[in-house]
Structures are given as structure tokens and as C-alpha cells.
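Read the figures in this text as sums done on the coordinates, not as results from a lab. A quick note: this is a predicted structure, and the numbers were derived from the prediction, not measured. Positions of Cβ are generated from backbone atoms using ideal geometry, with glycine treated the same way; all protein chains shown enter the neighbour counts.
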Amino acid sequence: MYKPQLNTQLAFEDFDQPMGLSMNPENRWIKKAAIIPWSELEKDYTKNFRNRKGNVAKPLRMALGALLIQTEYGYSDEETVLQIQENPYLQFFIGLPGYQNQAPFDASTMVYFRKRLDAVTLATINEKIIAANSKPTKTVTDKQDDHSDDDHNSGTLILDATCAPQNIKYPTDTELLNDARTHLEKIIDVACADNGWTKPRIYRRKARQVYLAIVRRKRKGQKWLRKQIRRLLNYVKRDLDKVEIYLTAGYQLTLEQENWLTTSKAIYAQQKYMYTERTHSVKDRIVSFSQPWIRPILRGKARTNTEFGVKLDVSLDRGFARIEKTSFDAYNESTDLVNAVRRYYDRNGHYPARVLADKIYRNRGNLAYCKERDIRLSGPALGRPKKNETRDKRISYQDNADRIAVERDFSLMKRRFSLNLIMTKLPTTTLTSVGISVIALNLSKLMANFSRPIFGWLVFINQIFCKNRQKLVNI
């Protein structure tokens, strides 16, 4: 259940300050709250709640504001609530009518905030924030209505991909097999306790000794390690057979136990295949028992050749970042260039004059697509240089200098906005963390423009307009 908030565009003058508290109207959180079109976002958020029964959900401004605060500082859920409780500026930012000493919500509520604000909703919010603080551009329908012949390409689209690492322990074969074994043993223990069955002999102590011997040994010979992995595989296979016997006897697994069993079977099959084929790679390899959807992402970086997390494509249009694609599986990012250019056309009503991207984007299909639409894709032509070809080094240098902007944004999101280590545990909430980081990045850019006098006056006029319009609606 959700009750629409009438006065979400709260002005600083309406915030109830207790006696003796003097707040600074130039505070960054007050300015940041003025940038976000809360009333516009509230209309779209209300449509997600169709059930008229149940507890009343927290307002959008409180949910989005709390997640932005957490992303800005990298707090835990508990620390985020404590900081909001102690800071009046943060209470104003999340939409409280006045300063209060009590916590506005429980720390566990942050989990529901991340689930309700999914990746699609955050992408819409990001577009609304950008549109509210950008100059209006002609769309495709506007150009048709105006019968304009100005189809000239303009603007720059920058594309690149990165990986947001997940907070998991480094995966090894022995760790994965041990996790599978211990979880299967939990299923066996619960099944025997619920039905009064005698616990079978599964040699859990010997299996534990084999695992500890591998962990404690500094130098692991290849033949010795292969022998220990075979023993661990046998222990896991024994546990899987026992669980199948219980299932045949009519034992019903819980949802959590079903996930454990499915993951254990997949780990056993992958490890058995790699052991038999004497290889270290397998398709859709599981690297974490608790988060089996995570895949290894080969990045080819000097510091970390392989990362474990979600891969995302980001585009920059007029300096603002947008997520073009996210996936937990490794993919070729060059396949997303055409879709990114089409979305650019839908937003602006024309194609970009140039697309700045890595060498991997310069394949024959993308080059042909850009050539048909008179779009210049940065970088040299494919193949050997022609005999009498002369390249403009000045243009190449300028393209490389401008493309650095997306690398700078990646660095900023990972250093300041918590993209360097995703702490959430579910695939949906992981994508929410990525989307919040992009919104926080765009807000930081708008805050840099906020210091300009003209931009500040425009935001102040917008606040007055929203406040007067709300009064007319109430009347």
C-alpha cells in the first residue's frame, strides 16, 4: 500500500527547525535536493503500488534519498540510519517535515528500498533528473510537427564498459566443493531430524580433514592436489546420492534447500568435468556458492586480469552517464553500439556527429552502420594503412582526449560512489546499487554546475514555481 505524497518538493523555508538550530541554506544536501524533481518522480513511483491493503510504504524521497546517502559515503544500512538520525541536513534531503531525534525507519527497511527501486525504475529516475536540469532538445515527433529539414548530426556519444566487482571470497575449486559438501550435510541433518531417520555415514570428519589439509599446505603439488580434489568430489557425490534417496522417500525441500541442491549439483558437474578433462575453464562457471549467478569477467587489466561481478556498458551524452546494458555474464560490448546510437536518436531527434569508443567497438558491422548514417566512429580504419592515406593526428588526439571522460567517470564511481565493491547479495539489488551509483555521479556533476550563479537562480525559480503550483492543487 502507498499513499501519494502531496508536498514532496519541500523548500528549505518549510523545514521545521527546532529552537537553537540554525541551518545553512547553502549546504550541499539542500542544494542537491533542489536539483531532483521529486514531484515528477512521485507520480511515476505511485503507479507501482496497486494494492490498497497492507502497511503503508515509505515515500519515494525517503527511499531514494537514503540510498543516495549510503552510496555517497559507503555506509552500512545501520550506519546510514544513524547518520540520518543525527544530521538535520540529511533529514531534509529525505523529505522529513522537520528535525526529529528518532530514526525515520529501521535499518532493515533499506533492503525493501533496494528491491522496490529496481534497475528499470532507476533508469527512468536518471532520465527525469537529467531532463529536469538540461536544455530541452527536439525529439523526433517535434521535428515532424515542425516540418524541419535540419537532419544534421550533432553531439558526441562516448561508450565504454567496466566491471563492478562483487564482495565475494576468491574462488578456488576446493572452496567451492567444500561449500557444496557442507550445505548438503545441512540438508541431510534437517531431513533426518524432521523424519526421525538415522543419520547416514557420510564421512564428514574425514572430508573436513581433507579440506583443511589442502588449505594449510603451502606448496601444493599438482599430482597431490589432483588426488585431494578427487576425494572431495567423491564426498560431494555421496551426499548428493543421500539427498536423492530422501527425495525419493517423499521428503520436501524448502526453497532455500532447493537452491542449495541446485547449486551443489552444478558445482559438482563443473568440477567433475574440469577434473576429467584436465582443464581449468568451463562454460558458465560458478565462482560463489551463495551467489551462483556471478561469472568471471576477463578484463585484461594489469592489476586484476579477472574480476567477479556485473559487467555494464555506460554511455556519456552531454556529460551525463547512462547505463546501456548490464549482465552478469561476459559479453562482447561491441554488440551494444547500435542500440546506444538508436537510444541517442530517440532522446535528441538526431544522430551523434561522432562516437568515441574503444578499439573493440570498431568492427565491420558497427563501421558500416555508422557510415550509412554519416557518424564518425573514432579510431583508424581496419586493416593496413592505404598507400597514399594521410591521417589527421589532431583529430585522433582530440578524440582520445575526449574519450578519457568516461574513464574518469568510472574512476569516480569506484572511488566515491561505491562501485568498486558491491556489497548487496541478490542480483536485483546488485543492479540497484549500480543504478544508484550512476545517479549519484550525475548529481555530482549537476552540483558542480549548481555553483554557477545563473544555474542557482534557475533552480530557485523552479522551487518557487513548484511550491505555488502545489498550493493551487491543494486549493
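Of L184, L367, the sequence from fewest to most neighbouring Cβ atoms within 10 angstrom is L367, L184. Excluding same-chain neighbours fewer than eight residues apart, the aspartates and glutamates reachable from K272 by a Cα-Cα span under 13 Å are D173.
Extension gain for T276 to L82 (0.36 nm times residue separation, less C-alpha to C-alpha distance): 64.5 nm. Pop out the Kirkwood hydrodynamic radius of the stretch 173-277 from its pairwise C-alpha distances, inverse of mean 1/r, in Å to one decimal. After inverting the pairwise mean of 1/r, the radius is 14.4 Å.
Arranged from fewest to most other beta-carbon atoms within 10 Å of their beta carbon, I422, I245 become I245, I422.
Arranged from fewest to most other beta-carbon atoms within 10 Å of their beta carbon, Y235, Y397, Y75 become Y397, Y75, Y235. Measuring between their Cα centroids, the stretch 40-118 and the stretch 289-368 lie 31 Å from each other. By the Cα gyration tensor, the stretch 255-357 has an equivalent ellipsoid whose semi-axes, rounded to whole angstrom, run 37, 16, 11 from largest to smallest.
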